[in-house]
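Written out below as structure tokens is the structure these notes cover.
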Amino acid sequence: MPTKDVISVFGLGKLGCTMLACFAHKGWKVIGMDVLASSVKKINNAESPIYEPGVDAMIKANKERITATTDPVKAVNESTISFIIVPTPSQEDGSFTTVYVNEVVAEIGSILRAKKDFHTIVVTSTVLPGDMAHIKEFLEKTSGKKCGKDFGLCYNPDFIALGSIIKNFLNPDMILIGESDKRAGEHLHSIHEALVDNKPTIHRMNFHNAELTKIALNSYCTLKITFANTIAEICEHLPGGDADVVTKALGADTRVGQKYIKGGLSYGGPCFPRDNRAIAYSAKKFGCQTPLAEMTDKLNDYHRKERIPNVILGILKKKNVKSIAVLGLTYKADTTLVEESAAIHVVRALCAAGIKVKAYDPAGVPAAQKEKGLESVKYCASSEECLKNEKVVFIASPWPEFKKLSKADFIKHMGTAPVVYDGWSMLGLKTDSELEYLEIGKAF
Ligand SMILES: NC(=O)c1ccc[n+]([C@@H]2O[C@H](COP(=O)([O-])OP(=O)(O)OC[C@H]3O[C@@H](n4cnc5c(N)ncnc54)[C@H](O)[C@@H]3O)[C@@H](O)[C@H]2O)c1
């Protein structure tokens, strides 16, 4: 059962729009607010302005509970709780700017000046240790009111993955709430309890601890992934070496666990790399050292910019060819994003080495076309076109449609004895006299 709240969502991007759809799906009346009139119009026409599986259908199915506006006054006055989910872009030094969050905070603060009822403000955008204290001060200044008495403030970051935001948002392992006071925390707690499909633990704490927990969690995941990638590299040098065999056994120990301990290409996307750099930035700001986070970042770059491209160059040399088919450009499946994508780094290194690259991706080509160093890439409209007459193919993103490619498909499109280098170990083929199947983390 939803609480009695009406929820406003400031920022209707990848995360905000999906959260809006989920709140409406669970029965809340939701008001979306964005500065982008085109996104607002789409939502009011019951269409998703963003690419995320399931969101469009969810908006359509719950359209009677969803409205959107560019007017923050309407959004605040007609709701009891406002979620702020606007960008906090990374800076050169690893910090995040809160300039867009502050724009929204200034608007909400000035509207709260005249609003009689108690209102809770929730920052879901990722911020850094210390930011929530400034946001609280700024809200008190712009509203002329007291936090904890006249309004509540929470920090409530999400741990979702693009491509599965709905599932992750409704079935989280845990919920993190940084709270200005008990009343604000209780308010948000009650919403999450009514929202989720599972029974996650809800961790409530002060702002500083919550700010650190958010970036520490992602930083720890990057460390684990990079450790697995190091195991994979070692395995490639051992006769019969197989990283999957090793990491499966490692993960069976509950101190390690099975998740994020599989050797592969390297991590990417809009969250992991920047949250890892942000913890290094924050640590330095407080006079602490984080060589682990810095080394993780360096090693991740080594895998995607040097190690894997060098393995591929070796394969091409052995086959005596100077061209390759690359399937997948996005940093993972079910997204249009190529930000920090390992596939992009590998392709860039291959282009720089003078290799002719043909590439196909179900959704990432428009974004890839804007990337520097990929100007010579020939983009294809299908995997068939991409594979045609190539001797070597590299599977660079784990799109489900690539999983369906069979040995017969590769031979049909590529000709005799093709080499399939699977960056995600997803095809499960076998090397024989007709096809060579190579994987990251396995000796060959
Ligand atoms: N996308 C993810 O996977 C993810 C995961 C965890 C955390 N986050 C965090 O969530 C935040 C938002 O990420 P996103 O991926 O949804 O961003 P996004 O770029 O997809 O969307 C942001 C939206 O905010 C809107 N916006 C900007 N300024 C505004 C303003 N003043 N008022 C109203 N709307 C405004 C933009 O027009 C855009 O629609 C970031 O801090 C990000 O780090 C994102």
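The values are calculated or read from the model by the stated rules, or taken from the named source; none is laboratory data. Because the structure is a prediction, the values reported are computed rather than measured. Quick reminder, even Gly has a Cβ in these numbers, built from the backbone with ideal geometry, and neighbours come from all protein chains shown. These accessible areas exclude ligands, DNA and RNA; they are computed on the full protein's heavy atoms, side chains included. Shrake-Rupley method; radii C 1.70, N 1.55, O 1.52, S 1.80 Å.
Assuming charge only on the beta carbon of Lys and Arg (+1) and of Asp and Glu (-1), the dipole of segment 331-371 about its Cα centre is about 240 debye to the nearest 20.
Between Asp34, Asp93, Asp361, find the one with the highest GNM mean-square fluctuation for the chain; connect C-alpha pairs within less than 10 Å. It is Asp93. Taking every protein chain into account, the 1.4 Å probe leaves Lys146 with about 110 Å² of accessible area, to the nearest ten. In the chain, the calculated helix contribution to ellipticity at 222 nm averages -13000 deg cm²/dmol per residue, counting -39,500 (n - 2.57) for every DSSP H run with n ≥ 4. Oblate is the label for segment 175-236. Its Cα gyration tensor axes, ordered a ≥ b ≥ c, give a/c of at least 1.5 and b/c at or above a/b. For the residues Val346, Val245, Val326, a GNM of the chain with alpha-carbon springs under 10 Å puts the largest fluctuation on Val245. Heavy-atom accessible area for Asp334, with the other protein chains in place and a 1.4 Å probe, reaches approximately 50 Å². Restricted to Cα atoms, the chain shows a radius of gyration and a Dmax of 23.8, 77 angstrom.
Taking 4.7 Å between C-beta atoms as the pairing limit, the chain has these partnerless cysteines: Cys17, Cys22, Cys147, Cys154, Cys221, Cys235, Cys271, Cys288, Cys351. Separation of segment 214-232 and segment 149-197, taken as the distance between their Cα centroids, equals 24 angstrom.
Over segment 231-439, the alpha carbon radius of gyration divided by the compact-protein estimate 2.2 N^0.38 Å works out to 1.06. With 28 Å as the limit, the listed pairs Lys42/Lys404; Lys378/Lys403; Lys41/Lys146; Lys358/Lys404; Lys42/Lys224 have Lys42/Lys404; Lys41/Lys146; Lys42/Lys224 beyond it between alpha carbons. Assuming charge only on the beta carbon of Lys and Arg (+1) and of Asp and Glu (-1), the dipole of segment 6-205 about its Cα centre is about 620 debye to the nearest 20.
Taking Cα atoms, how many degrees apart are the long axis of helix 14-25 and the longest axis of the chain, rounded to 10 and kept between 0 and 90? Once rounded, one gets 60 degrees. Take the cross-link list Lys248/Lys319; Lys305/Lys388; Lys14/Lys298 and give me the ones stretching past 30 Å between alpha-carbons. Beyond 30 Å: Lys248/Lys319. Seen from every direction in turn and averaged, the convex hull around the alpha carbons of segment 54-172 projects onto 8.8 nm². Projected label points at Thr416 and Lys298, each 7 Å from Cα along the beta carbon direction, are separated by 4.8 nanometres.
Give the calculated FRET efficiency between His208 and Phe444 to the nearest 0.05, with a Förster radius of 45 Å applied to their Cβ-Cβ distance. The value I calculate is 0.40. Its Cα centre serving as origin, segment 157-212 has a Cβ charge dipole (Lys and Arg +1, Asp and Glu -1) of approximately 80 debye. Between Tyr51 and Ala249, the modelled labels are 4.2 nm apart [label points 7 Å from Cα along Cα→Cβ]. Solvent-accessible area of Asp150, all protein chains in place: 40 Å² (probe radius 1.4 Å, heavy atoms, ligands and nucleic acids excluded). Rounded to the nearest 10 degrees, the angle from helix 131-143 to the longest Cα principal axis of the chain is 30 degrees.
Would you mind telling me the share, in percent, of accessible area of segment 296-361 contributed by carbon and sulfur at probe 1.4 angstrom? Looking at segment 296-361 in its full context, I get 51 percent from C and S. Run the paramagnetic zone check for Val321: 7 angstrom along Cα to Cβ, then residues of segment 380-418 with backbone nitrogen under 11 Å. Answer for this model: 387-394, 411, 413-418. Placing a label point 7 Å from the Cα of Thr70 along the Cα-to-Cβ line, the residues of segment 21-46 whose backbone N sits under 11 Å from it are 34-41. Once the Cα atoms are used to define both axes, helix 272-285 deviates from the longest principal axis of the chain by about 60 degrees. Each label was represented as a point 7 Å from its Cα along the Cα-to-Cβ direction; for Phe286 and Lys370 these points are 3.5 nm apart. Between Ser406, Ser341, Ser90, the Gaussian network model of the chain with springs among Cα atoms under 10 angstrom shows the greatest mean-square fluctuation at Ser406.
Listed values for segment 30-35 are Karplus-derived 3J(HN,Hα) couplings in whole Hz (6.51 cos²θ - 1.76 cosθ + 1.60, θ = phi - 60°), namely 10, 10, x, 10, 8, 6, and x replaces Gly and Pro. Each of Asn156, Ile31, Met205 was scored by the projection of its Cα onto the charge dipole of segment 6-205, and the greatest displacement toward the positive side belongs to Ile31; charges sit on the C-beta of Lys, Arg, Asp and Glu. The overall shape of segment 315-444 is prolate: from the C-alpha gyration tensor, with semi-axes ordered a ≥ b ≥ c, the ratio a/c is 1.5 or greater and a/b exceeds b/c. Given the C-alpha centroids of segment 328-377 and segment 17-80, what is the distance between them in whole angstrom? Using only Cα atoms to place each centre, the spacing works out to 32 Å.
Lys167 to His192: extension gain in nm, 0.36 nm per residue of separation minus the Cα-Cα distance? Don't skip to the answer; put the middle values down first.
Details: separation 25, 0.36 × 25 = 9.00 nm, distance 1.42 nm.
This chain segment gains 7.6 nm when fully extended.
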